[in-house]
1. Can you spot a residue in the range 99-114 that is open to solvent by less than 60 Å² (accessible area, probe 1.4 Å), modelled with pLDDT of 90 or more and over 13 Å from the mean Cα position of the chain (by Cα)?
2. Taking the criterion of being touching a Ser or Thr at 6+ places or on another chain (Cβ under 8 Å) and open to solvent by 60 Å² or more (accessible area, probe 1.4 Å), would at least one residue in the range 51-66 satisfy it?
3. What do you reckon, is Asp81 acidic (Asp, Glu) and open to solvent by 30 Å² or more (accessible area, probe 1.4 Å)?
4. Spot the failing condition for Arg118; the list is (1) modelled with pLDDT under 85; (2) surrounded by fewer than 17 Cβ atoms within 10 Å (Cβ to Cβ), and only one is missed.
5. Consider Ala94 against the criteria (1) in contact with a strand residue (DSSP E or B) (Cβ under 9 Å, 6 or more places away or on another chain); (2) of a type in the set (Gly, Ala, Ser); (3) open to solvent by 20 Å² or more (accessible area, probe 1.4 Å): it satisfies all of them except one. Which criterion is unmet?
6. Has the range 62-79 got any residue that is acidic (Asp, Glu) and under 15 Å from Val15 (Cβ atoms)?
7. Mind telling me which of the residues Val77, Val37, Val11 ends up being under 12 Å from Ile105 (Cβ atoms) and β-branched (Val, Ile, Thr)?
8. Pairs only if they're at least six apart or on different chains, beta carbon under 7 angstrom, first in the range 105-125 and within 11 Å of Ala79 (Cα to Cα) and touching a residue at least 40 places away in the same chain (Cβ under 8 Å), second open to solvent by 30 Å² or more (accessible area, probe 1.4 Å) and assigned to a strand (DSSP E or B); list them, first residue then second.
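The values are calculated or read from the model by the stated rules, or taken from the named source; none is laboratory data. Computed from a prediction, not measured in an experiment: that's the story for all the values here. Ideal geometry is used to build each Cβ from the backbone, glycine not excepted, and the neighbour counts take in all protein chains shown. We work out accessible area using only protein heavy atoms, side chains counted, and drop any ligands, DNA or RNA first. Shrake-Rupley method; radii C 1.70, N 1.55, O 1.52, S 1.80 Å.
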Amino acid sequence: ERMAVRLRCGVCLCVERWGSGTPLLIVSPSNTSAIEVRRQLMRMDLWRTHECVTYDPRGFGGSSKPDATWPIPSMEVHADDAIELLDVLGWSSAHLLGISYGGMIVQHVLLRCPSRVRMRGEMHIITGHCTLPLPL
């Protein structure tokens, strides 16, 4: 199921949802859309045991893009978007999987709201220029 989720701030996230079971939020990389991530992950059969949701972070893919009045979002803003998406989905907690840039977002979700993260994983992660201590 493809849907657009509007956050309280007005940003619209492009979301793909499939499967049933334990909640799994997959944060897409900056250069690959949620649609492509879903297509690739379908081969892993995660959908058989998990309710999978992937989305394009703000500014990427099919999600809202910044204009001249909207600053480039920080990792904290991206993490807040992911946490609000969990709220919209009705998930008190979920497994989180971040791919590349999405892995940095997952780390910030864990730092901001650890009780919402059941287990996390990152694939092809980059470290960026994070000044916060990252959980191991």
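1. Yes, that holds for at least one residue.
2. no
3. So Asp81 fails the test.
4. Answer for Arg118: the failing condition is (1).
5. (3)
6. Filtering the range 62-79 for residues acidic (Asp, Glu) gives 67, 76.
Right, trim to under 15 Å from Val15 (Cβ atoms) and you get none.
No: zero hits.
7. Working: Val37 fails: under 12 Å from Ile105 (Cβ atoms); Val11 fails: under 12 Å from Ile105 (Cβ atoms).
So the residue among Val77, Val37, Val11 that is under 12 Å from Ile105 (Cβ atoms) and β-branched (Val, Ile, Thr) is Val77.
8. Short answer, once both residue conditions are applied: Val106/Arg120; Val106/Glu122.
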